[in-house]
1. The range 105-122 to the range 21-52: how many Å between their Cα centroids?
2. Would you pull out the residues with amide H under 5 Å of Val172's amide H, same chain only if 5 or more places away, H placed 1.01 Å from N?
3. In whole Hz and in residue order, list the ³J(HN,Hα) couplings for the range 70-81 that follow from phi through the Karplus curve 6.51 cos²θ - 1.76 cosθ + 1.60, θ = phi - 60°; x for Gly and Pro.
4. So how much slack lies between Asn51 and Asn152, counting 0.36 nm per residue of separation and subtracting their Cα-Cα distance, in nm?
5. Under 5 Å between amide hydrogens, which residues at least 5 positions from Leu44 or on another chain qualify, with H placed 1.01 Å from N in the peptide plane?
6. Set the Förster radius R0 to 22 Å, insert the Cβ-Cβ distance between Ser121 and Leu183 as r into 1/(1 + (r/R0)^6), and round the FRET efficiency to 0.05.
Amino acid sequence: MKKRCEWAKNEPNITYHDMEWGVPQHSDEKLFEFLILEGAQAGLSWSTILNRRNGYREAFSNFDVNKISKYNQNDVKKLLKNKKIIRNKLKINSAINNAKKFIEIQKKFGSFDAYLWEFVSQKPIKNKFKKYSDLPAFTKLSEILSDDLKKNGFTFVGPTICYAFMQSIGMVNDHTENCFKYLK
């Protein structure tokens, strides 16, 4: 039996933990997906979002940033009726806004990946935590990222959301020391 971080006790958390969480991600498409999902997760459990992930893919054009950036109020009305996603108008509008801002960052830096990974000098931060309760909700770096994203017009990117985003895309490796993924 593999030892995992204590939050990964059942599906879909186990598969997500084993396959994605903490794995460095450099695809702009995946970075955008996680940015949207982390914003949707605000105030909810991550498993709630993972259970709706396919619904989000369907509802949000498979996270195609160019398509989402063109969504209008009719699209928002449809999304607010979609039971496969979190039907929160602020979060839906944030996803559309963030798609537009994401494209602006891509134009300015060549890719969102180039912009984002510069915050960690292109190298993941590997923390050393013995247990999950030792992990912080946010860090100084996530505050810096949050401030910069907000300065660039992004929404639903507070320091806690940014830290969860950094963990999910592998900018930060927060697998606990007893987890089989810690050594990878």
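1. The range 105-122 and the range 21-52 have Cα centres spaced 18 Å from each other.
2. Under 5 Å from the amide H of Val172 lie the amide H atoms of Ile125, Gln167, each far enough along the sequence or on another chain.
3. My calculation for the range 70-81 gives 9, 4, 10, 5, 5, 5, 4, 4, 5, 5, 5, 9 Hz in order.
4. On the way: separation 101, 0.36 × 101 = 36.36 nm, distance 3.04 nm.
Contour length minus the Cα-Cα distance gives 33.3 nm.
5. Here the answer is none, since no amide H 5 or more places off falls under 5 Å of that of Leu44.
6. Values: r = 22 Å, r/R0 = 1.02.
That pair, Ser121 with Leu183, gives E of 0.45.
Every number here is computed from the coordinates shown, using simple stated rules; none is lab data. None of these values were measured; they are calculated from a predicted model. With ideal geometry, Cβ positions are generated from the backbone for all residues, glycine too; neighbour counts draw on all protein chains shown.
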